[in-house]
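What follows is a short report on a single structure.
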Amino acid sequence: MAEQGLIKIEPVTRLEGHAKISIFLDKKGDVDDAYFQVVELRGFEKFCEGRPVEEMPIITTRICGVCPWNHHLASAKAVEAVYNVDPPEPAKKIRELGYQAFFVHDHSTHFYALAAPDFILGPDAAPAQRNLAGILNKVGKEIGTTVLKALRYAHEIEEIVGGRAIHPVFAIPGGVGRPLTEKEVQGIQERGEFLLDYGKFTLKTFEETVLGNKKYLDMITGDTYRHKTFYMGMVDKEKKVSLYDGDLHVVSPNGKQFAQFHPKEYLEHISEHVEPWSYVKFPYLKKVGWKGFVDGEDSGIYRVGPLARFNVSDGLTTTLAQEAYRRMYETLQKPAHETLAYHWARVIEMLYSCERLLELTHDPEIMDKNVRTIPTSTPNEGIGAVEAPRGTLIHHYKTDADGILTGVNLIVATTHNSPAICMSVKKAAQKMIKKGKVDDGILNLVEMAFRAYDPCFACATHTLPGHMPLEISVFDSHRRLHKRISRG
Amino acid sequence: MKTLVIGVGNPILGDDGAGIYAAEIVAEAVGSNPDLQVKMVSTGGLRLLEEVLGYDRVILIDGTVSGEQIGKIRKIALADLSDTTHLTSAHDLSFSTACELGNMLSHEWMPSEIEIYTIEIQRTTVFTDGLSPVVKKAAHSVSKMILQSLTKN
């Protein structure tokens, strides 16, 4: 029982990066306010000034060891915009092929290592069991072998296409470094067949374990993890989810189309709010305005990521995933405002990536030799964007006439979501913590609020994973530290 | 024996790149060898596990922040490993846990020998190129130790 109202959780498990949650209790021991604070590493955008812009697709992969692929591709697209060059279609397809394998890998890691323990073992299971090893003990080691094999196959596809699995090197200004051989494409197809079965298996596991459990379904659809916000995501010309290229669409909390723009116009639509207690900036929709950490039609806060992509689009281009998308919106209204539904959308999106990657291996252009257009224009300024697993990623570069960087601006997915993460944490804390009563299970329920976003604070703060993970502190009405719960 | 030398760290975060720098020296010295691969990665946990699968022997080099004198070199076994800066990722699993998982799931895929060389570094929060002189010297020493070890085997 909290004596004075400070509860501290350190470290917060299963989250990428370094951040801190502070929860302040009132005199009754209920939650008065909660802040989500991120400690930033300094200077990435400044560090790159003075460097040749064509180095950026390699440098920016070092922002994050978890999601380097999206930086590599967004950066390559920004460099191409700087040089006003468009890669040939085969190059775009090769890029997308590697990228879809990365999505399979990334979404798998999040689901099995981060999210699934809460649902398969229960959010109030003992911390020592609430992890991937605990899942294996409960459901059998066979599932673990399947997951490990899938991760390995996705990793190998990334290596074949990208040159390196974790930090790809294949995207160069105007295209990719080399075409794919028939043998390589066959190797990808063989692995892709396994991954398709794995994607179906993962969705089935989610549907049976999570959606088939009334307690979890109530948690997903309940009010604790619900915010009515705007949503932003990338779609193709048919308004289907597109991870590599397309326009950005924004829908309102009531589902109405609010904006549609090319990523190069992002500054006309997005602005950033600053708070003194966090290094992460808080983007919002300019035309709605910053109204504080509130949701609703009058607040400019928007969300990105798998659920947001589904909300702004008319569906997915692959058969099985589209069917799962349709089933999801039979349960949830569109737009879906349920934060925990991010997990559901993520699993469906992973199946989409499995299907799409196999589809691309059968594309007649995937082995085409025309994979590069040489840039010839004088460099100037360019913006490139992709959908990262966590949401929209924008790279914006300015150079002099020699292609030397004079300015860099990056808006990463977790930054777009940072205002919503703050709101989600606060709401969950207010619902869960009453009269100062806090235990590990309750705190995990608070953590679940932001874990659904799969936040990557390595990217949001331009750092690399491995530092101290998140800590949660709870303070009393006199701002005195009350309790500390450590994990890991 | 299929051997992997793998340097871990972030090369644009100052001394954090110590493991990668040492691995680059080893790579240049060994050249092309079908039984020996040298990799440089900036990751941890499950991703690192995926990199080591399929090898018989793995030599891992990384920077650590553990309160020791900057530049101190240690050689440790996986069993002795406590969570270090870049062998631990809050995104998924620590490297030691990932290896336990690998052994649990697919023992035949896991390396039978894992050696870890660590170089004590000072944590920085500023993006910078290059290593400090002390850590650079230590990285050269570590690479020599590893090359001697590879020659013996």
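The values are calculated or read from the model by the stated rules, or taken from the named source; none is laboratory data. Since this is a predicted model, take the numbers as computed values, not measurements. Positions of Cβ are backbone-derived with ideal geometry, glycine not excepted, and every protein chain shown enters the neighbour counts. Just so you know, the surface numbers come from the protein's heavy atoms only, side chains and all, with ligands and any DNA or RNA stripped out. Shrake-Rupley method; radii C 1.70, N 1.55, O 1.52, S 1.80 Å.
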Set of lysines with alpha-carbon distance to A:LYS200 below 20 Å, sequence-local pairs under 8 removed:
A:LYS141, A:LYS149
Loop only per DSSP, at most 14 neighbouring Cβ atoms within 10 Å: give me the GluC sites (Glu not before Pro) in the stretch A:245-325, ordered by residue number.
A:GLU297
Return one quarter of the surface area of the convex hull spanned by the alpha-carbon atoms of the stretch A:188-231, equal to its mean projected area, in nm².
4.7
Give the calculated FRET efficiency between B:LYS152 and B:ASP56 to the nearest 0.05, with a Förster radius of 22 Å applied to their Cβ-Cβ distance.
0.90
Describe numerically, in nm with one decimal, the distance between label points set 7 Å from Cα along Cα→Cβ at A:GLN260 and at A:HIS478.
6.0
Just to confirm a number: summing +1 for Lys and Arg and -1 for Asp and Glu over residues other than B:LEU131 whose beta-carbon lies under 13 angstrom from that of B:LEU131, what do you get?
-3
Percent breakdown of C-alpha pair distances by 10 Å bin, ordered from the shortest bin, for the stretch A:321-408:
13, 25, 26, 22, 13, 1
Calculate the length of the line joining the C-alpha centroid of the stretch A:42-96 to that of the stretch A:228-268, in whole Å.
22
18 Å Cα-Cα reach of B:LYS137 towards aspartates and glutamates, excluding residues that sit fewer than 8 places from it in its own chain
B:ASP15, B:ASP16, B:GLU24, B:GLU28, B:ASP62, B:GLU68, B:GLU120, B:ASP129
Determine how many Å³ per residue the convex hull of the Cα atoms of the stretch A:192-320 encloses.
158
Based on Cα coordinates alone, diagonalise the gyration tensor for the stretch A:128-274, multiply each eigenvalue by 5, take square roots, and list the semi-axes in whole Å, largest first.
32, 30, 14
Accessible surface, 1.4 Å probe, highest first, among residues B:THR118, A:THR331, A:THR209
A:THR331, A:THR209, B:THR118
Where a ≥ b ≥ c are root eigenvalues of the Cα gyration tensor, a/c under 1.5 meaning rounded, otherwise prolate if a/b exceeds b/c and oblate otherwise, the stretch A:370-458 counts as prolate
Across peptide B:37-43, how many C-beta atoms of other chains are within 10 Å of each residue C-beta, on average?
5
Viscosity 1.306 mPa s, temperature 10 °C, Stokes-Einstein D of the stretch A:244-351 from Kirkwood C-alpha radius, µm²/s:
105
To the nearest 10 degrees, the tilt of helix A:68-82 (Cα long axis) against the first principal axis of the alpha carbons of chain A is 50
Tally Lys and Arg at +1 and Asp and Glu at -1 over the other residues with C-beta under 15 Å from the C-beta of B:ALA22: what net charge comes out?
0
Rg/Rh for chain B: what does it come to with C-alpha atoms and Rh from Kirkwood?
0.95
Residues meeting the amide H criterion for A:THR224 (H placed from the backbone, H to H distance under 5 Å, 5 or more places apart or on another chain) are none
Env charge @ A:ASN84, Cβ radius under 13 Å, K,R +1 / D,E -1, value -1
For chain A, longest principal axis from Cα atoms; helix A:182-206 axis from its Cα atoms; angle between them, nearest 10 degrees, is 20
Taking only protein heavy atoms and a 1.4 Å probe, what accessible area per residue, in Å², does chain A have with all protein chains in place?
35
Subtract the Cα-Cα distance of A:ARG51 and A:ASP368 from 0.36 nm times their separation in residues, and report this length gain in nm to one decimal.
110.8 nm
How would the stretch A:191-267 be classified by its alpha-carbon gyration tensor: rounded, prolate or oblate, with rounded meaning a/c under 1.5 and the a/b versus b/c comparison settling the rest?
oblate
Other chains' Cβ within 10 Å of B:51-58 residues: what's the mean?
1
Restricting to Cα atoms and excluding each atom paired with itself, what does the Kirkwood estimate give for the stretch A:348-389 in Å?
13.9
Simple spin-label estimate for A:LYS141/A:LYS287, 7 Å along Cα→Cβ, in nm, reads 5.8
If you take the C-alpha gyration tensor of the stretch A:74-209, multiply each eigenvalue by 5 and take the square root, what semi-axes do you get, largest first, in whole Å?
35, 17, 11
Of A:302-315, A:83-96, ordering from highest average Cβ density within 10 Å down gives A:302-315, A:83-96
Chain pair A, B: total accessible area buried, heavy atoms, 1.4 Å probe, Å²:
3600
How do the peptides A:289-296, A:20-27 rank, highest first, by the average count of neighbouring beta carbon atoms within 10 Å per residue?
A:20-27, A:289-296
With label points built 7 Å along Cα→Cβ from the Cα atoms of A:ASP197 and B:GLU108, find their separation and express it in nm.
1.7
For the pair B:LYS2 and A:ARG326, what calculated FRET efficiency results from E = 1/(1 + (r/R0)^6), where r is the Cβ-Cβ distance and R0 = 41 Å, to the nearest 0.05?
0.30
Where a ≥ b ≥ c are root eigenvalues of the Cα gyration tensor, a/c under 1.5 meaning rounded, otherwise prolate if a/b exceeds b/c and oblate otherwise, the stretch B:97-153 counts as oblate
Could you rank the peptides A:386-395, B:17-26, B:96-105 by their average count of other C-beta atoms within 10 Å per residue, with the highest value first?
A:386-395, B:17-26, B:96-105
Taking the alpha-carbon distance from A:LYS183 and a cut-off under 16 Å, which aspartates and glutamates remain once sequence neighbours fewer than 8 residues away in the same chain are dropped?
A:GLU156, A:GLU158, A:GLU159, A:GLU193, A:ASP363, A:GLU365, A:ASP368
Taking N as the number of residues in the stretch A:274-335, the ratio of its alpha carbon radius of gyration to 2.2 N^0.38 Å works out to 1.48
In square angstrom, rounded to the nearest 10, how much accessible surface does A:LYS435 have for a 1.4 Å probe?
140
Give me the percent of accessible area attributable to carbon and sulfur for chain A, probe 1.4 angstrom.
49
Among the listed pairs A:LYS291/A:LYS431; A:LYS228/A:LYS281; A:LYS214/A:LYS256; B:LYS72/B:LYS136; A:LYS286/A:LYS426, which have their C-alpha atoms separated by more than 19 angstrom in this model?
A:LYS291/A:LYS431; A:LYS228/A:LYS281; A:LYS214/A:LYS256; A:LYS286/A:LYS426
Over the alpha carbons of chain A, what is the largest minus smallest coordinate on each principal axis, giving the biggest first in Å?
68, 50, 41
